[in-house]
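Asker: Here it is, the structure in full.
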Amino acid sequence: MLRPVSDPLAIIRTMSQPGPSPLISDADLSVDAARAAIAAALRPLTDTETVGLADAPGRVLAADVISPIDVPAHDNSAMDGYAFAAADLRADAPTVLRVAAGTAFAGTPHAGVVGRGECLRIMTGAVMPAGLDTVVPQELATLAASADGGLLTIAPGVLKPLENRRLRGEDLARGRPAVQAGRVLKPADVGLIASLGIPQVAVLRRLRVAVFSTGDELRNAGEPLDPGCIYDSNRYTLLSAVRRLGMEPVDLGLVRDDPAALQATLERAVAEADVVLTSGGVSVGDADYTRDLLARMGQVAFWKVAMRPGRPFAFGALQGPAGKTAWLFALPGNPVASLVTFYAFAREGLLRLAGAQATPPLTLQARSAAAIRKRPGRTEFQRGVLRRAADGGWEVAITGAQGAGILRSMSEANALVVLGQAQGSVAAGDWVEVWPFDGLV
Ligand SMILES: Nc1nc2c(c(=O)[nH]1)N[C@H]1C(S)=C(S)[C@@H](COP(=O)(O)OP(=O)(O)OC[C@H]3O[C@@H](n4cnc5c(N)ncnc54)[C@H](O)[C@@H]3O)O[C@H]1N2
Ligand code: MOO
Ligand SMILES: [Mg+2]
C-alpha cells in the first residue's frame with residue numbers, strides 16, 4: 001500500500017485560516033481564483049516505480065534522464081555518397097578524386113586509410129573515416145572508371161566544405177539532461193531515452209482517481225429504464241477522461257440519494273484513491289446530500305464558481321475513518337457542467353498531483369463564426385467546432401443549444417469557447433478564446 005505524501009487536510013486548513021484568503025466563502029469565486037486556489041493546495045505525489053520503455057508513454061518521469069553517452073557516438077555520414085577531406089574541395093574548378101578501395105557501411109566502419117586526393121564510398125549513418133570530414137551525395141557527383149579503380153568528379157559550387165557530416169554528440173552530449181522530471185512521456189521522449197541505451201525509467205506511480213455518480217434517477221446502461229429515470233452518463237465521461245490522462249480510474253458505481261450510502265461510498269473512495277471525483281448532489285435540492293456530507297467528512301475550500309455551466313462545483317479534502325485523506329472534486333450533476341468543470345479545474349489539479357510539469361489548457365484565439373449572446377458576470381464555456389476559415393485563419397462555431405444537460409453539444413464539439421467573466425455578447429467575426437479538446441487530453 002502506497003502512503004499519501006502530502007496531507008490534504010493540513011493544506012486545506014492552512015488555506016482556510018482567517019485572513020484575506022478568498023476560500024471557505026459562499027460567494028462565487030472567479031474561474032481564475034478557483035484554479036489558483038486548487039494549484040496552491042495540491043502537492044505532487046512522490047512515490048516512484050520503474051517501468052520498461054514500452055510501458056513508459058503517458059507516464060510522468062520522476063527524475064531527469066542524463067545522457068550516459070554521446071549521441072551520435074561518432075561522426076557519421078548524412079548521405080549515401082562519397083566521403084573526402086574538405087581541404088581537397090576546389091571552389092573554382094571541378095574537384096577530381098580517386099575512389100579508394102572499400103566501402104563504409106552503417107554498422108561496419110571502414111578499416112583502411114584514405115589519403116589526400118582520395119574519396120571513399122560511404123552510406124548514410126556510416127562512421128566517417130579518419131581524416132575525412134565532407135560527404136558528397138552520389139547524385140551530385142560523377143563517377144568514371146579509371147585504370148586503378150574509379151575517379152569521382154564534383155562540379156564547382158555544388159557542395160560546401162564539411163557538408164553532410166553529422167557530428168558526434170550533436171543530438172546529445174554525454175552528461176547533458178535529455179528529458180526532465182515531470183515530463184509526461186510522449187513518443188519522442190521515449191525514443192530519445194532509447195537512443196541513450198537506457199531500457200527503463202523511474203516514473204511517478206499512477207494517480208488513483210475514484211469516480212462515482214449519485215442520484216436515485218440513475219440507471220446503468222444495459223438496465224431497463226424505470227419511469228422518471230435516466231441513464232448514468234457522467235461516470236462514463238469522467239472515467240474516460242481520467243483514463244485519457246494516463247491515470248488509474250477506480251469505478252465505484254452508482255450511489256442512491258441516501259446519506260448513509262453516500263457516506264459509505266465516500267469512505268471507500270478515500271480508502272482506495274488519491275482523489276475522489278463525484279458528480280451530482282452538490283446543489284441546493286432536497287436530495288443534494290453530497291455537500292453536507294463533504295463538510296462533515298473533510299474540508300471544503302469553496303462551493304461556487306462564477307461560471308456557466310458548472311456553478312455548483314466544490315473542491316476540498318476528505319478524511320476517511322482510518323485517518324487516510326484524499327482530495328475531492330465534487331462536480332455538478334448536469335452532464336455538460338460535469339465535464340466542463342473537469343476540464344476547467346480537475347484536469348489540471350490531477351496532473352499537478354500526478355507530478356506533471358506545466359499543465360494549463362492549450363488555448364488559441366479564433367474568430368466567432370456567428371454572434372453569441374452573453375451577459376457579463378460569469379465566465380461561459382460554450383461548446384464549439386474549431387475549423388479553418390476560407391482565409392486560412394481559425395474560426396469557431398457554437399454547436400447549437402447550449403443547455404447544461406445537452407451532452408450532444410459537447411460530443412459534437414472539438415473545443416470549448418471561453419468567454420470571460422466581464423465580457424458581454426460577441427459579434428460575428430470577433431476574436432474569442434478557444435480550448436481545443438486535443439489540448440485537454
Ligand atoms: N435552486 C437552484 N437550483 C439549481 C442551481 C442553483 O443554483 N439553485 N444550480 C443548478 C445548476 S447550475 C446545476 S449544474 C445543477 C447541479 O445539480 P447537482 O450537482 O446537485 O446535481 P443533481 O441535482 O444530482 O443533478 C442535476 C441534473 O443532472 C442530472 N445528472 C446527475 N447525475 C448524472 C449522471 N451521472 N449522468 C447523467 N445525468 C446526471 C440529474 O438527473 C439532473 O437532471 O443544479 C441546478 N439547480
Ligand atoms: O452547472 Mo449548471 O450547469 O450551470 O446548469
Ligand atoms: Mg441537485
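Asker: Taking region 310-324 as the search range and keeping residues that are touching a residue at least 40 places away in the same chain (Cβ under 8 Å), surrounded by fewer than 24 Cβ atoms within 10 Å (Cβ to Cβ) and in contact with a Ser or Thr (Cβ under 9 Å, 6 or more places away or on another chain), which one is nearest to Gln382 (Cα to Cα)?
Answerer: Looking at residues that are touching a residue at least 40 places away in the same chain (Cβ under 8 Å), surrounded by fewer than 24 Cβ atoms within 10 Å (Cβ to Cβ) and in contact with a Ser or Thr (Cβ under 9 Å, 6 or more places away or on another chain), I get Arg311.
Asker: If you don't mind, there's one more thing I want to ask. Tell me, yes or no, whether region 266-283 has at least one residue that is within 12 Å of ligand 2 (Cβ to nearest atom) and either under 18 Å from Thr379 (Cβ atoms) or among the aliphatic types (A, V, I, L, M) (or both).
Answerer: Looking through region 266-283, at least one residue is within 12 Å of ligand 2 (Cβ to nearest atom) and either under 18 Å from Thr379 (Cβ atoms) or among the aliphatic types (A, V, I, L, M) (or both).
Asker: Would it be correct to say that Ala301 is within 28 Å of Asp47 (Cα to Cα) and either in a strand (DSSP E or B) or within 16 Å of ligand 1 (Cβ to nearest atom) (or both)?
Answerer: The answer is yes for Ala301.
Asker: Go through region 313-329 and give me each residue that's away from ligand 1 (no atom under 13 Å from the Cβ) and either outside any loop (DSSP other than H, G, I, E, B) or polar (S, T, N, Q) (or both).
Answerer: From region 313-329, those away from ligand 1 (no atom under 13 Å from the Cβ) are 315-328; that's our starting set.
Passing the criteria: Phe315, Gly316, Ala317, Leu318, Gln319, Thr325, Ala326, Trp327, Leu328.
Asker: What is the one condition in (1) crowded, with 17+ Cβ neighbours inside 10 Å; (2) without any contact (Cβ under 8 Å) to a residue 24 or more places away in the chain that Ala295 does not satisfy?
Answerer: Status for Ala295: all satisfied but (1).
Asker: Only helices (runs of 4 or more DSSP H) wholly contained in region 334-428 count here; list those with 2 or more residues that are surrounded by 21 or more Cβ atoms within 10 Å (Cβ to Cβ) and among the hydroxyl-bearing types (Ser, Thr, Tyr).
Answerer: 335-341
Asker: Out of all the residues in region 227-271, which are part of a loop (DSSP other than H, G, I, E, B) and within 25 Å of Ser411 (Cβ to Cβ)? I'd like the intermediate steps shown before the answer.
Answerer: Kept after step one, since they are part of a loop (DSSP other than H, G, I, E, B), are these residues of region 227-271: 227-229, 232-233, 245-247, 256-258.
The answer is Gly228, Cys229, Asp232, Ser233, Leu245, Gly246, Met247.
Asker: I would also like to ask the following. Please give the number of the condition Pro332 fails out of (1) touching a helix residue (DSSP H, G or I) at 6+ places or on another chain (Cβ under 7 Å); (2) farther than 17 Å from Ala41 by Cβ; (3) more than 14 Å from ligand 1 (Cβ to nearest atom).
Answerer: (3)
Asker: For region 411-430, give me the residue count where each residue is under 25 Å from the mean Cα position of the chain (by Cα) and either among the acidic types (Asp, Glu) or more than 20 Å from Ala306 (Cα to Cα) (or both).
Answerer: Number of matching residues: 5.
Asker: Output the residues belonging to region 215-240 that are surrounded by 17 or more Cβ atoms within 10 Å (Cβ to Cβ) and either assigned by TED's automatic domain parsing to the domain that holds Ala404 or β-branched (Val, Ile, Thr) (or both).
Answerer: Thr237 - this is the single residue of region 215-240 that is surrounded by 17 or more Cβ atoms within 10 Å (Cβ to Cβ) and either assigned by TED's automatic domain parsing to the domain that holds Ala404 or β-branched (Val, Ile, Thr) (or both).
Asker: While we're here: Here is a list of conditions, (1) at pLDDT below 95; (2) under 30 Å from Ala173 (Cβ atoms), and Gly197 meets all of them except one; can you say which number that is?
Answerer: (1)
Asker: Another one. For Leu293, only one of the following conditions fails: (1) in contact with a strand residue (DSSP E or B) (Cβ under 8 Å, 6 or more places away or on another chain); (2) within 16 Å of ligand 3 (Cβ to nearest atom); (3) at pLDDT below 90. What is its number?
Answerer: Checking Leu293 against (1) in contact with a strand residue (DSSP E or B) (Cβ under 8 Å, 6 or more places away or on another chain); (2) within 16 Å of ligand 3 (Cβ to nearest atom); (3) at pLDDT below 90, the one that fails is (1).
Asker: How many residues are closer than 20 Å to Ser338 by Cβ, in contact (Cβ under 8 Å) with a residue 60 or more places away in the chain and among the polar types (S, T, N, Q) if we restrict to region 403-441?
Answerer: Adding up the residues that qualify gives 1.
Asker: Next question. Kindly indicate whether Pro109 is under 30 Å from Arg176 (Cβ atoms), buried (at least 17 other Cβ atoms within 10 Å of the Cβ), modelled with pLDDT of 95 or more and of a type outside the set (Ser, Thr, Tyr). Step through it out loud before you land on a result.
Answerer: Details: under 30 Å from Arg176 (Cβ atoms): yes; buried (at least 17 other Cβ atoms within 10 Å of the Cβ): no; modelled with pLDDT of 95 or more: yes; of a type outside the set (Ser, Thr, Tyr): yes.
Taking the combined requirement at face value, the residue does not satisfy it.
Asker: Within region 42-57, which residues are hydrophobic (A, V, I, L, M, F, W, C), in a loop (DSSP other than H, G, I, E, B) and touching a Pro at 6+ places or on another chain (Cβ under 8 Å)?
Answerer: Once the filter is applied, which keeps residues that are hydrophobic (A, V, I, L, M, F, W, C), in a loop (DSSP other than H, G, I, E, B) and touching a Pro at 6+ places or on another chain (Cβ under 8 Å), region 42-57 yields only Leu45.
Asker: Does Gly310 satisfy being part of a loop (DSSP other than H, G, I, E, B), touching a helix residue (DSSP H, G or I) at 6+ places or on another chain (Cβ under 8 Å) and among the small types (Gly, Ala, Ser)?
Answerer: Spelling it out, Gly310 is indeed part of a loop (DSSP other than H, G, I, E, B), touching a helix residue (DSSP H, G or I) at 6+ places or on another chain (Cβ under 8 Å) and among the small types (Gly, Ala, Ser).
Asker: Related question: Which number in (1) surrounded by 15 or more Cβ atoms within 10 Å (Cβ to Cβ); (2) without any contact (Cβ under 8 Å) to a residue 12 or more places away in the chain marks the one condition that Val250 misses?
Answerer: (2)
The values are calculated or read from the model by the stated rules, or taken from the named source; none is laboratory data. Since this is a predicted model, take the numbers as computed values, not measurements. Because the Cβ atoms are built from the backbone with ideal geometry, glycine has one as well, and the counts that use them run over all protein chains shown.
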